[in-house]
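Note sheet for the following structure.
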Amino acid sequence: MTPAPLIGYRRGVTHDPAYEAGRRAAIRHLLAGERRSRPETLAREGRPFRLGYLEDFSTGAPSEPATAPETPAAPTPLADPPGPATAPPAPQDGALHQRGGDPGEGAAACHLGEVPVTWEVLEAARTSVGEVELVGVWGSDEGIAQVARTSIGPSGRRVHDDAGLVRYLVEHGHTGPLEFAETVWRVTAPVYLARQWLRHRTASVNEHSLRYSGPLDAGPEMPGSWAALNPEARETLRAHQLDGWEQATRDYDVARALGAKRETARIFLPLAAPTRWMWKIDLHNLLHFLLLRRAEDAQPEIREYAQAMERMIAPRFPAAYAAWRNFRADALTLAADEIPIVRAILAGAPAEEVLEASGLGDRRRAALLRKLDRLSGRT
């Protein structure tokens with residue numbers, strides 16, 4: 001009899017294919033946010049192993065781990081573990097997300113390792129200069145909590161429910177488990193915004209190429225911040241913008257007609273030309289992106305995108321989002337040299353005199369005044 005192939009990655013321990021399949025299924029369950037655990041204690045070569053997450057993803061049924069073999073070369077399967085097996089829901093064709101459609105409704109789970117057929121737009125929003133679409137979500141608050149519990153193992157004391165554990169992680173800066181949740185976006189925006197956006201390097205990106213295709217059909221959009229201008233100025237700027245776009249596209253077409261390749265003809269296109277890219281980023285780095293791009297001093301046009309993305313992500317990770325708002329986005333922080341200033345003001349010293357003697361520059365002084373206004377309830 002030909003012995004079953006053995007997979008050995010720990011000295012003195014042999015693993016048969018059934019065990020390896022269960023181990024890999026365990027990892028996929030953990031990353032997909034599933035909450036199943038059927039630990040079994042098996043003897044392998046006289047040593048106890050505690051195994052969990054032994055569902056077979058191809059059938060949804062528990063896999064059959066091997067018993068302690070009489071001889072190392074001929075492992076024999078055990079009977080199915082006691083209790084009914086609960087099959088995970090079958091993924092929808094082409095679904096890339098764990099919760100699709102209405103975020104409040106349970107939808108098909110997407111397990112890592114599947115090859116998506118199509119990108120499904122879960123939610124989209126228009127901005128003054130383009131569009132942002134959420135096309136993929138992996139993970140959940142529950143999945144983040146399960147990843148965090150890996151550090152203590154199945155026998156560790158459970159001190160938090162899932163939401164409480166996620167809140168603890170965000171509060172204390174243990175952001176690694178949040179990186180196991182992923183989001184995918186399709187963004188259409190002017191080149192001048194894309195250059196700001198893609199400065200965030202902790203993401204995977206693939207952008208529309210002007211080497212292999214021409215400009216997008218859509219022309220430049222009027223920036224939303226121009227709405228603050230008087231109507232006459234706004235109309236004048238818009239006319240200049242459209243004239244410049246018409247001239248740029250005409251120059252592009254002439255260059256192409258004279259034999260220039262797309263990669264050089266594109267030099268005539270302005271920064272207002274629209275571009276499109278796919279953007280994959282984990283939840284931790286997405287929240288950092290939103291923190292910077294939703295800020296009051298961010299460019300208004302990119303702030304529109306950040307606010308739309310925040311609305312889309314909030315119901316899909318409610319615990320993580322609420323903790324981020326509480327401990328990061330809406331929190332106040334004081335620098336070390338600001339603490340004595342605040343103490344002096346709280347003790348009754350006139351704020352203007354204390355700030356004048358503090359040595360802070362005008363920008364930092366204004367920022368500290370805004371913090372004091374928040375603390376006093378004036379804003």
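The values are calculated or read from the model by the stated rules, or taken from the named source; none is laboratory data. Being a predicted model, the structure only gives us computed values, none of them experimental. In this analysis, Cβ positions are derived from the backbone assuming ideal geometry, glycine residues included, and neighbour counts consider all displayed protein chains.
Rundown of residues vs (1) basic (Lys, Arg); (2) in contact with a helix residue (DSSP H, G or I) (Cβ under 8 Å, 6 or more places away or on another chain); (3) modelled with pLDDT under 75; (4) part of a loop (DSSP other than H, G, I, E, B), yes/no style:
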site: 104; (1), (2), (3), (4): no, no, yes, yes
site: 112; (1), (2), (3), (4): no, yes, yes, yes
site: 118; (1), (2), (3), (4): no, no, yes, yes
site: 135; (1), (2), (3), (4): no, no, no, no
site: 153; (1), (2), (3), (4): no, no, yes, yes
site: 165; (1), (2), (3), (4): no, yes, no, no
site: 168; (1), (2), (3), (4): no, no, no, no
site: 173; (1), (2), (3), (4): no, no, no, yes
site: 178; (1), (2), (3), (4): no, yes, no, no
Members of region 252-272 that are within 35 Å of the chain's Cα centre (by Cα), loosely packed, with under 15 Cβ neighbours inside 10 Å and more than 19 Å from residue 212 (Cβ to Cβ): 271
Identity of the residue in region 327-362, touching a residue at least 12 places away in the same chain (Cβ under 8 Å) and within 30 Å of residue 164 (Cβ to Cβ), that ends up surrounded by the fewest Cβ atoms within 10 Å (Cβ to Cβ): 332
Residue that is nearest to the chain's Cα centre (by Cα) [pool: residues in region 295-331 that are among the basic types (Lys, Arg) and at pLDDT 95 or above]: 316
Candidate set from region 220-232 (those that are under 30 Å from the mean Cα position of the chain (by Cα) and part of a loop (DSSP other than H, G, I, E, B)); member that is surrounded by the fewest Cβ atoms within 10 Å (Cβ to Cβ): 222
Count - residues of region 268-285 that are in a helix (DSSP H, G or I), out of contact with any Ser or Thr (no Cβ under 6 Å at 6 or more places or on another chain) and either within 15 Å of residue 320 (Cα to Cα) or not hydrophobic (A, V, I, L, M, F, W, C) (or both): 1
